[in-house]
Amino acid sequence: MTARKLVRCAVYTRKSTEHNLDLEFNSLDAQREACEAYIKSQIHEGWVLIPDHYDDGGISGGSLNRPDLQRLLSDIRAGKVDTVVVYKVDRLTRSLTDFAKLVELFDAHVVSFVSITQAFNTTSSMGRLTLNVLLSFAQFEREVIGERVRDKIAASKAKGLWMGGNAPLGYDNREKKLLILPEEAETVRLIFLRYLELGSVGLLLQDLRHRGIKTKRRVWASGKTVGGVWFGKGALTYLLKNPIYIGKILHREQIHIGNHDPIIDQEVFGAVQLKIKKNTVDRKLKLRSSPYLLTGVLFDSAGNRMSPSHTVKKGVRYRYYVSQGLLQNRGATEVGELTRASAPDLEETVAAFLHQAMKVSRPLEDSLKGLIGRITLFKAGLKIALLGQSDTPDAATGSQIVMLPWHSKVTRMEKGIVHAPSLSPSSDAKARDTLLAAIGMARIWLKKLVEGETVSQIATQDGRSERQIRVLLNLAFLPPRHVEAVLHGSAEIDTVTNVARNVPILWPEMSVKNTQPSA
């Protein structure tokens, strides 16, 4: 008598919400217990339970993007599973399209599928028909529930109710009602007023860093802490445009009167919106007339957009592209291999490629339209996604991908704001604000060093190079009279780097035995 072949069974369980998952015996345990009992009843058929647990708690069945489900599918591809056992079909998926993909995968690896409360067999056409009918109703149920939830949220927000979620800076969420937190509310008012004074989000970011102001810090029920980090440009712009601060609630581009108290006056909020709108228009007009031909299609290797910028050294203007990851002071893991590159070098390389390889005779600004979808910058070259091509399509975009050799030329550029007789008063004020922000940041770095942090740790936190930290750190030792002169506008404005390199060892107004700056 031949030995019966073993059928390795994997039990998959799922629960859509986290409600009651912390109980000693929850829904996932109940599903698994029932499935294990069914497998034991089939022991005469050679069924054995795989000890690995595949449990997705608090995750919807609307997609296949579930950690333990993906782990199960990986084990199926590796040939470790013969049968997948679930309590009900909708535990595996509620989407008919996703189910078709799963059945195709199961068939390709000769894996059976069993629902212990719904008798059918996926190896027959009738079994598949039964499953498709069941899943059609499961998908319909999920979509109806989603519509009801969306309608309820819309109706509640129309009445001005806060429908949960993370409370914005300045408020606390208590029993689904927003209450003002006085200390945070003062921070919000300061952010709005300083934006009107400084006139740009970039300068405001520097000012908030100088003041040590960070995003709202939250502690989840699990004990995990989120927030409490430096503002990014996107988060700060969203805060400035959020009507929640004038007592209103936004829902799908419709603004409703909220039942919470405002933090910002309507006049101040309106002035901020006009300023943001004007800056947006000015930026678009500037980009249209900009000589930066790769704007909008150039990205660093981490996916950050490369924005146009320039500097002036000894009367010569240098154009380059700089990563938004660097401009927004993102962490070292969130910036690409190159954060700054010469604009003429990149543009000449792309133009030569289009003219020679693609046989395009038009100027670069005309050739880009309809030909290039995206350019990714690496140390060793450029990854160019060509539109309308299909020889070697990229899986994500369907575009043809071309790797173009390119190496950044070593060009020493002076960083900072340049003082020149032609600068307007507004430019002079911006240069002064930039220098003051750099001084404040240098003092923060000095404090961290005194408290025991290393230059390497500070550089990683602030997304800067160690060399830049060491050079600008000198600004923390500027004589008080010099700082006051910059603050009052009576000092001649030089580049930030030059000021840092020329900080005197001894302060003129102090004796040799008292040479340390005050806190």
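The values are calculated or read from the model by the stated rules, or taken from the named source; none is laboratory data. Computed from a predicted model, the values in this text were never measured in an experiment. Quick reminder, even Gly has a Cβ in these numbers, built from the backbone with ideal geometry, and neighbours come from all protein chains shown. The protein model used for the area step is the full one, side chains on, heavy atoms only, and it has no ligands, DNA or RNA in it. Shrake-Rupley method; radii C 1.70, N 1.55, O 1.52, S 1.80 Å.
Of note:
- Single unsatisfied condition, Glu197 versus (1) free of Cβ contacts under 8 Å to residues at least 12 places away in the same chain; (2) more than 30 Å from Leu436 (Cα to Cα): (2)
- Residues that are out of contact with any helix residue (DSSP H, G or I) (no Cβ under 8 Å at 6 or more places or on another chain) and part of a loop (DSSP other than H, G, I, E, B) were ranked within the stretch 233-259; the one that is most open to solvent (accessible area, probe 1.4 Å) is Glu253.
- Options Leu196, Leu179; residue that is closer than 24 Å to Gly247 by Cβ and in contact with a Phe, Trp or Tyr (Cβ under 8 Å, 6 or more places away or on another chain): Leu179
- Extreme residue, nearest to Ala332 (Cα to Cα), among residues of the stretch 460-499 that are hydrophobic (A, V, I, L, M, F, W, C) and touching a residue at least 60 places away in the same chain (Cβ under 8 Å): Val496
- When residues of the stretch 366-396 are limited to those that are part of a strand (DSSP E or B) and open to solvent by 30 Å² or more (accessible area, probe 1.4 Å), the one modelled with the lowest pLDDT: Pro393
- Exclusive hit being more than 25 Å from Lys101 (Cα to Cα) and part of a helix (DSSP H, G or I), set Val149, Val133, Val144: Val149
- Residue within the stretch 15-38 that is charged (D, E, K, R), open to solvent by less than 70 Å² (accessible area, probe 1.4 Å) and closer than 17 Å to Phe106 by Cβ present: no
- Subset of the stretch 105-144 that is at pLDDT 80 or above and open to solvent by 50 Å² or more (accessible area, probe 1.4 Å) - its residue that is farthest from Val85 (Cα to Cα): Ala108
- Taking the conditions (1) open to solvent by less than 10 Å² (accessible area, probe 1.4 Å); (2) touching a Lys or Arg at 6+ places or on another chain (Cβ under 7 Å); (3) over 16 Å from Leu6 (Cα atoms) in turn, Gly46 satisfies each one other than (3).
- The set of residues in the stretch 459-471 being among the hydrophobic types (A, V, I, L, M, F, W, C) and surrounded by 18 or more Cβ atoms within 10 Å (Cβ to Cβ) consists of Ala459, Ile469.
- Residues in the stretch 292-300 include none that are under 30 Å from Met403 (Cβ atoms) and part of a helix (DSSP H, G or I).
- Tally, over the stretch 64-104, of residues that are of a type in the set (Gly, Ala, Ser) and at pLDDT below 90: 2
- In the stretch 8-34, the residues that are in a loop (DSSP other than H, G, I, E, B) reach residues that are exposed (fewer than 13 other Cβ atoms within 10 Å of the Cβ) with C-beta atoms within less than 9 angstrom, at least six apart or across chains, in these pairs: Ser16/Gly58; Thr17/Gly58; Glu18/Gly58; His19/Gly58; Leu21/Gly58; Asn26/Asn20.
- Qualifying residues in the stretch 439-458 (those that are under 20 Å from Val335 (Cβ atoms) and open to solvent by less than 50 Å² (accessible area, probe 1.4 Å)) - the one nearest to the chain's Cα centre (by Cα): Ile458
- Among the residues of the stretch 204-215, not a single one is out of contact with any helix residue (DSSP H, G or I) (no Cβ under 9 Å at 6 or more places or on another chain) and either under 30 Å from Lys176 (Cβ atoms) or surrounded by 13 or more Cβ atoms within 10 Å (Cβ to Cβ) (or both).
- Considering residues of the stretch 49-88 that are closer than 24 Å to Asn20 by Cβ and hydroxyl-bearing (Ser, Thr, Tyr) only, the residue most open to solvent (accessible area, probe 1.4 Å): Tyr87
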